[in-house]
Amino acid sequence: MAKSVTRMIRRPLRGKPLILLILAAVIVLLMIAVILPFQKNESRLAVLIGSASEDLSWLQRIRLIFILSRQLDELSQPVGGAGNTSIITVDEGESVISVAQEMLDGGFIRDKELFLNYLVYRGIDKKILPGKYAMQDNLSILEVGDHLMDPAYRLISLTLLPGLRLEEIADLIEQSGLRFSSEAFLIAAKDYPAELHPAGGTSLEGYLLAGVYEFKRSISLESFLNGFVNHFQRIVDEDMVEAFRRNGITLEQAVTMASMIGREAMSPEEYPMIASVFYNRLRAGMRFESDPTVQYAVGWNENQKTWWKNPLELSDLSVYSEYNTYMIAGFPKGPISNSSIEILRAVANPDQTPFFYFRAKCDGSPYHNFAVTYEEHLQNDCN
């Protein structure tokens, strides 16, 4: 009886390796059935939409590959807009969920959850750059995601203050990240097609109005300059040009006077008053005797590292140049710097004053003392 029991106990032991072998084979087959399609989908996704982020856990990786491989058409299909461009702002520290909602609200994507899954899969959720983007409404989710990750699609901000000459604007361009050089800008801006020029000239000195501008990093130099010219022509409309004519000056002369005011005035409040002084001197046959025109004629000062030498020396006033209004009567050859819409409005609608002179106040403020006679003008001297 004891032997029989022993045999009964040993028989299952002899069959156990076989069961384990079968179980292992089943597991291997299951793994093959799962892993091979997974690897196939992963390779396919890498080719079609890019590789998965290395920061993903293996569970995240499996989940996202499973989801995205079944929605490839939706990922690559454009939203279907008319190609209109809008500016989208991504704030510093803004969450990816907030960005996705903004894209949905703006009509740039249809499926917020799919968009988020794609961003996480590619790791774009951690690479979105704050700033402004020019986004079109006919892009796919893949394209929208790439735009948010690539600095090339982020808008570049360029701020121009009044009173900058072309060389100074060129320096700003050099620092901006735009893809054309400052040298190329200067060459093109000083030899602009006359048929496109607002006043029929060739130099854009004075025509790049002050303001805050935003450009695609990839904008061409031609489009950049044409954009400024188009902006100028929208701002300086026929009514303003007619106001210049009523004051007895041409468009080019108005831009030139505005450029002088932009360098003379430190406070916008004084734009119309300084304009009145220039008009009064012009009508009286007096020379403008504007220091900034001398500074423009003198040019770069190596000692001061500036285009606007200050203070001027007495010998500078006698430098012969078509820009030096101490030496020539009437307007200088052309504008000496850029101006702004506010300054051009002052030229179109100057104050009516009896003044022929102005001089900076001695209190350090941004204002001037104005005078009717030369004797009064001398009395306003700070010495």
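The numbers here are math on the coordinates, done by the rules we state, and not lab data. This is a predicted model, so every value here is computed, not measured. Because the Cβ atoms are built from the backbone with ideal geometry, glycine has one as well, and the counts that use them run over all protein chains shown.
The table that follows gives values for the structure above.
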read-out: Neighbour cut-off at most 11 other Cβ (10 Å), DSSP loop, GluC sites (Glu not before Pro), the range 73-102; value: E92
read-out: The chain: angle of helix 96-105 to the longest principal axis, Cα-based, in degrees nearest 10; value: 70 degrees
read-out: Trypsin sites (Lys or Arg not before Pro) lying in DSSP loop within the range 300-383, provided at most 12 other Cβ fall within 10 Å; value: K305
read-out: Long-range tail of P(r) for the chain (Cα pairs > 31 Å, %); value: 57 percent
read-out: 0 to 90° range, to nearest 10: angle between helix 112-122 axis and the chain longest Cα axis; value: 80 degrees
read-out: Alpha carbon convex hull of the range 240-379, volume per residue in cubic angstrom; value: 112 Å³
read-out: Interchain or long-range residues, amide H under 5 Å from K216's placed H; value: I156
read-out: Long-range HN-HN contacts of H368 with modeled amide H, under 5 Å; value: K361
read-out: Relative contact order (percent, whole number), the chain, Cα cutoff 8 Å, 6+ residue spacing; value: 13 percent
read-out: Helical contribution to [θ] at 222 nm, DSSP H n ≥ 4, -39,500 (n - 2.57), averaged over the chain, rounded to 500; value: -15000 deg cm²/dmol
read-out: Signed unit charges on C-beta, dipole axis of the chain, positive-most listed residue P272, S181, I169; value: S181
read-out: Part-to-part distance (alpha-carbon centres) for the range 305-383 and the range 53-83, which is given in Å; value: 64 Å
read-out: DSSP-assigned coil residues among chymotrypsin sites (Phe, Trp or Tyr not before Pro) in the range 174-261, each with at most 13 further Cβ atoms within 10 Å; value: none
read-out: Computed magnitude of the charge dipole of the range 155-235 (debye, nearest 20; Cβ of K, R +1, Cβ of D, E -1); value: 280 debye
read-out: Taking N as its residue count, the alpha carbon Rg of the range 45-179 over 2.2 N^0.38 Å; value: 1.24
read-out: Cα centre as origin, Lys/Arg/Asp/Glu Cβ charges: the chain dipole, Debye; value: 3640 debye
read-out: Whole-Hz ³J(HN,Hα) from phi, Karplus 6.51 cos²θ - 1.76 cosθ + 1.60, for the range 125-138, glycine and proline x; value: 4, 9, 10, 5, 8, x, x, 10, 10, 8, 10, 8, 8, 10
read-out: Positive-end residue, the chain charge dipole about Cα centroid, Cβ charges, pick of F355, L48, Q77; value: L48
read-out: Between 0 and 90°, nearest 10: helix 271-283 axis offset from the chain longest Cα axis; value: 40 degrees
